[in-house]
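Data first, discussion second: the structure below is written as structure tokens.
The values are calculated or read from the model by the stated rules, or taken from the named source; none is laboratory data. Values in this document were obtained by computation on a predicted structure and should not be read as measured data. For neighbour counting, all protein chains shown are included, and Cβ atoms are generated from backbone atoms with ideal geometry for every residue, glycine included. Remember, those area values only see protein heavy atoms, side chains included, never the ligands or the DNA or RNA. Shrake-Rupley method; radii C 1.70, N 1.55, O 1.52, S 1.80 Å.
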Amino acid sequence: MRSYIPNFLTLLNLFSGCVATVFAVQNQLEMAAIFVFIGIFFDFFDGLAARALNVQSEIGVQLDSLADMVTSGVVPGIVMFQLLDMSQASGWSEGQLGGIPWLGADVAPISFFGFIITLASAYRLAKFNVDENQVSSFIGLPTPANTLLILSLPLILLYHHNDALNNIILNQWFLLGLTLVSAYLLNSRIELFALKFGNWSFKDNAVRYLFLIASLVLLITLRFLAIPVIVILYILLSLINKNT
């Protein structure tokens, strides 16, 4: 029975991703973000449970990537699709401008570039499954971290009410640039530390403790705007840690 617990958590991640997909397609991006957060929560604890119960398996590794492909691959692609579509209109729910007929709806052609994130996520997950060097660290930005970055954008729009930020986020060139940067980071050769504690010693885990403390402070002070800052901080700390 113990061997089924991690896989059950992984399936809960997949289920959360499926629900998030439905909300993302309906442009209910706040609800999509909530279920993505739930999915990432299960994604974190399935591996933790597998290690704690000593029931790691090859099927668990494959299942984990398949679940991540939905929660952290398909959903952020749809969200970027929706944001790019909004960038061609004048508001969140107003009619799309410059669109083409697509199953009875007007869709801006540029919006489909958002799925570059989905393609890049699939390639990253495939590489991860066959790369034996990504045990104690990651090569390239993990898909959950990238997904949090993308999902933070509609939450910033909804909760920060800052016209300058809104104009940046709904600028098509910013979104296209972020899409390309996201795809690059997912498949880059940048080595990033993993939040896996071999022990609780501060000396051995200094960068992890500093990152977690800084992330908590940023979330309290900046709310959803903290998420892009945390991702940048994660990359910078990883580069500094590698060179020290």
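For His161, all conditions in the list (1) farther than 26 Å from Leu48 by Cβ; (2) open to solvent by less than 30 Å² (accessible area, probe 1.4 Å); (3) outside any helix (DSSP H, G or I) hold save one; what is the number of the exception?
If we test His161 against (1) farther than 26 Å from Leu48 by Cβ; (2) open to solvent by less than 30 Å² (accessible area, probe 1.4 Å); (3) outside any helix (DSSP H, G or I), just (2) comes out false.
Please state which one of Leu212, Leu222, Leu233, Leu216 is open to solvent by 90 Å² or more (accessible area, probe 1.4 Å), part of a helix (DSSP H, G or I) and either on the phi > 0 side of the Ramachandran plot or modelled with pLDDT of 90 or more (or both).
When all the criteria are applied, what remains is Leu216.
Looking at Phe35 and the list (1) closer than 14 Å to Val70 by Cβ; (2) surrounded by 23 or more Cβ atoms within 10 Å (Cβ to Cβ), which single condition is not satisfied?
(2)
Considering the stretch 55-89 alone, what residues qualify as being assigned to a helix (DSSP H, G or I), without any contact (Cβ under 8 Å) to a residue 60 or more places away in the chain and of a type in the set (Val, Ile, Thr)?
Those that are assigned to a helix (DSSP H, G or I), without any contact (Cβ under 8 Å) to a residue 60 or more places away in the chain and of a type in the set (Val, Ile, Thr): Ile59, Val70, Val74, Ile78.
On the basis of being more than 27 Å from Leu157 (Cβ to Cβ) and open to solvent by 40 Å² or more (accessible area, probe 1.4 Å), does Phe174 make the cut? Break it down stepwise before answering.
On the way: more than 27 Å from Leu157 (Cβ to Cβ): no; open to solvent by 40 Å² or more (accessible area, probe 1.4 Å): yes.
No; evaluated as a whole, the condition is false for this residue.
Residues of the stretch 41-59 being of a type in the set (Val, Ile, Thr) and either open to solvent by 60 Å² or more (accessible area, probe 1.4 Å) or within 16 Å of Gly77 (Cα to Cα) (or both), which ones? Can you show your working first?
Just the residues of the stretch 41-59 that are of a type in the set (Val, Ile, Thr), to begin with: 55, 59.
The one that is of a type in the set (Val, Ile, Thr) and either open to solvent by 60 Å² or more (accessible area, probe 1.4 Å) or within 16 Å of Gly77 (Cα to Cα) (or both): Ile59.
Identify the residue in the stretch 178-209 that is among the aliphatic types (A, V, I, L, M) and open to solvent by 50 Å² or more (accessible area, probe 1.4 Å) and, among all such residues, is nearest to Gly47 (Cα to Cα).
Looking at residues that are among the aliphatic types (A, V, I, L, M) and open to solvent by 50 Å² or more (accessible area, probe 1.4 Å), I get Leu195.
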